[in-house]
Amino acid sequence: MREARTAQRAVPTSKGGFTMIEIAICLAIIGFALVAVILALPFGLNAQRDNRQETVVGQDAASLIEFIRNGALGVDDLTNHVYAIVNLSTNSAPGPSGYYNPVLTPLMHPSLASFEANFPDVPPARWYPILTSGTNIIGLLSTPELTDTSYHATNNLYSGGWSNHMVAYVRSLSGLVADQSPQDNPTIVGNTFAYRIYVANAAVPVDTNVFSPVPAADSPLYQAYVNSQNLSQSLHELRVTFRWPVLPTGAVANQGSSPLTFRASIAGTLGTNGLFVEPFTPLYFYQSQTFTASP
């Protein structure tokens, strides 16, 4: 009897567990979940990148528009950011011309020839290293869309002259602190977030059909003609369009919300103040306005 009980206790009892099929099914479920998470990760990273770049562009746009609006002359820190400006004018006296920063441009685009290749209409002899001061940069960015043959900023009533199409290349003004001046490491500077901007500084539209031909001085319409001239000469719409990012070749690969356009209405006359740079290129600045209270 005692031996029978001992033999009975020696028999092992069965316990529950997972079979190989169940483990395989669990691993398959976990694998599908991980794949979904991994696939969603790039979308989140891209959204974060796009939001960061759009924020930088918005901050830089506000600064650049204010510099142009105020006719800023001494913002020489722009030489650490603006490294190329191109006027793609099709009928100006010297023709399409390019202006570059002799220090910054080679850091942003070591192969300067590949950068210039983006503008086949600008001959190699028409690239000028004059972006060496904030005055030159703002003066070029403020170039009006329409000018007369005397290099004066004009309204929409002029009968001759040419049009200007300004394109600028800028490395971010408000990016990472490590990217900003006095950073001179060519690798870091060359990888800085940069964008291309199109600047259109246009006078407000005026219906010229009602003033053709120009009314006589004693005509009731003459004052309306004068007022239209004054309005067009004293009020401009500034449009700045950003595209990003700029590739090492100078081309642009649109990302996120690129392009973005910012607009501002600027009151004030626009003139050269007699300032010119090589090759006899006029610099334009908005003139400060003085208002007095009438009695």
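Return the pairs, sorted by first residue and then second, in which the second residue is among the β-branched types (V, I, T) and in a helix (DSSP H, G or I), the first residue lies in the stretch 65-89 and is closer than 12 Å to S142 by Cβ and in contact (Cβ under 8 Å) with a residue 12 or more places away in the chain, the beta carbons are less than 6 Å apart, and the residues are 6+ apart or on different chains.
Going by the 6 Å Cβ cut-off, the qualifying pairs are F67/I138; A72/I138; L73/T135.
Six or more apart or on different chains, Cβ under 9 Å: which pairs go from a residue in the stretch 116-132 that's polar (S, T, N, Q) to one that's surrounded by 18 or more Cβ atoms within 10 Å (Cβ to Cβ) and in a loop (DSSP other than H, G, I, E, B)? Could you list them?
Every condition considered, the pairs that remain are N118/G250; T132/N101.
Residue by residue through the stretch 255-277, note down the ones that are exposed (fewer than 11 other Cβ atoms within 10 Å of the Cβ) and at pLDDT below 80.
G274 - this is the single residue of the stretch 255-277 that is exposed (fewer than 11 other Cβ atoms within 10 Å of the Cβ) and at pLDDT below 80.
Residue-wise test of (1) under 30 Å from P248 (Cβ atoms); (2) at pLDDT 85 or above; (3) of a type outside the set (D, E, K, R); (4) surrounded by 13 or more Cβ atoms within 10 Å (Cβ to Cβ).
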| residue | (1), (2), (3), (4) |
| --- | --- |
| N155 | no, no, yes, yes |
| A200 | yes, yes, yes, yes |
| V206 | no, no, yes, yes |
| N209 | no, no, yes, no |
| A216 | no, no, yes, no |
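Matching residues to (1) modelled with pLDDT under 90; (2) acidic (D, E); (3) within 23 Å of P259 (Cα to Cα):
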residue	(1), (2), (3)
V35	yes, no, no
G44	yes, no, yes
Q48	yes, no, yes
G58	no, no, yes
L73	yes, no, no
L88	yes, no, yes
L107	yes, no, no
L112	yes, no, no
D121	yes, yes, no
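Within the stretch 5-24, can one find any residue that is modelled with pLDDT under 85, of a type in the set (D, E, K, R) and under 30 Å from V167 (Cα atoms)?
no
If the requirement is being crowded, with 20+ Cβ neighbours inside 10 Å and either touching a strand residue (DSSP E or B) at 6+ places or on another chain (Cβ under 7 Å) or not β-branched (V, I, T) (or both), which of these qualifies: I85, I65?
Going through I85, I65 in turn, just one is crowded, with 20+ Cβ neighbours inside 10 Å and either touching a strand residue (DSSP E or B) at 6+ places or on another chain (Cβ under 7 Å) or not β-branched (V, I, T) (or both): I85.
Taking the options L176, L231, name whichever one is of a type in the set (A, V, I, L, M), at pLDDT 75 or above and surrounded by 11 or more Cβ atoms within 10 Å (Cβ to Cβ).
So the residue among L176, L231 that is of a type in the set (A, V, I, L, M), at pLDDT 75 or above and surrounded by 11 or more Cβ atoms within 10 Å (Cβ to Cβ) is L176.
Go through the stretch 242-267 residue by residue and tally those that are hydrophobic (A, V, I, L, M, F, W, C) and within 27 Å of S111 (Cβ to Cβ).
Here the count works out to 7.
The values are calculated or read from the model by the stated rules, or taken from the named source; none is laboratory data. If you're wondering where the values come from, they're calculated on a predicted model, not measured in any experiment. When we count neighbours, we look across all protein chains shown, and the Cβ atoms used for this are built from the backbone with ideal geometry, even at glycine.
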